[in-house]
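The structure under discussion appears below in the form of structure tokens.
Values in this text are rule-based calculations from the coordinates and carry no lab data. This one's a predicted model, so the numbers in the text were calculated from it and none came from an experiment. Quick reminder, even Gly has a Cβ in these numbers, built from the backbone with ideal geometry, and neighbours come from all protein chains shown.
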Amino acid sequence: MQEKHLFEYAVIRVMPRVEREEFLNAGVILYCKQHRFLQAIITLNEDRLRAFAPETDVSEVKTYLEAFECIAKGGKQAGPIGQLDLASRFRWLTATRSTVVQAGKVHPGFCDDPAKALVRLHEQLVL
């Protein structure tokens, strides 16, 4: 039996009008130190976003979500933040902010395979 490892995750959400505090779940980001794993899965339901907030520029939101995913992957193409270590990138991406794309609160869990846990959370919380 494989040992379970601690992971942390947050739901990535789109909040078109921050002052109303209404949001649409658009993805999940998961970090597991023991597996050296940091990844985000993004799925923007554009029709739902348009129905929810018709004035929202969907292409702009998609650009922000792509940047979020790029930083999670890391590397030079993700700029200075993308070159930080996994934990620092996760903390930066999940920091409290008042923007259109933001992360919810960070929650813990245990898993033996963080990729499977990420897919499961994405299916439960986004799709």
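If you line up the long axis of helix 58-73 against the longest principal axis of the chain, both from Cα atoms, how many degrees apart are they, to the nearest 10?
10 degrees
List the aspartates and glutamates whose Cα sits under 12 Å from the Cα of LYS105, skipping any in the same chain fewer than 8 residues away.
Within reach: GLU8.
If each residue of separation counts as 0.36 nm, what is the full-extension length gain between ALA51 and ALA67 once their alpha-carbon separation is subtracted?
Contour length minus the Cα-Cα distance gives 3.4 nm.
What shape does the chain have by the C-alpha gyration tensor, where a ≥ b ≥ c are the square roots of the eigenvalues, rounded means a/c under 1.5, and otherwise prolate means a/b greater than b/c and oblate the rest?
The shape class here is prolate.
As a test of the formula, what do you get for the chain when each DSSP H run with n ≥ 4 contributes -39,500 (n - 2.57) and the sum is divided by the residue count, at 222 nm and rounded to the nearest 500 deg cm²/dmol?
For the chain, the value works out to -10500 deg cm²/dmol.
Please order SER88, SER98 by the number of other Cβ within 10 Å, starting at the fewest.
Ascending number of Cβ neighbours within 10 Å: SER98, SER88.
Using the structure shown, select from LYS4/LYS73; LYS4/LYS33; LYS73/LYS116 the pairs with a Cα to Cα distance greater than 19 angstrom.
Those over the limit are LYS4/LYS73.
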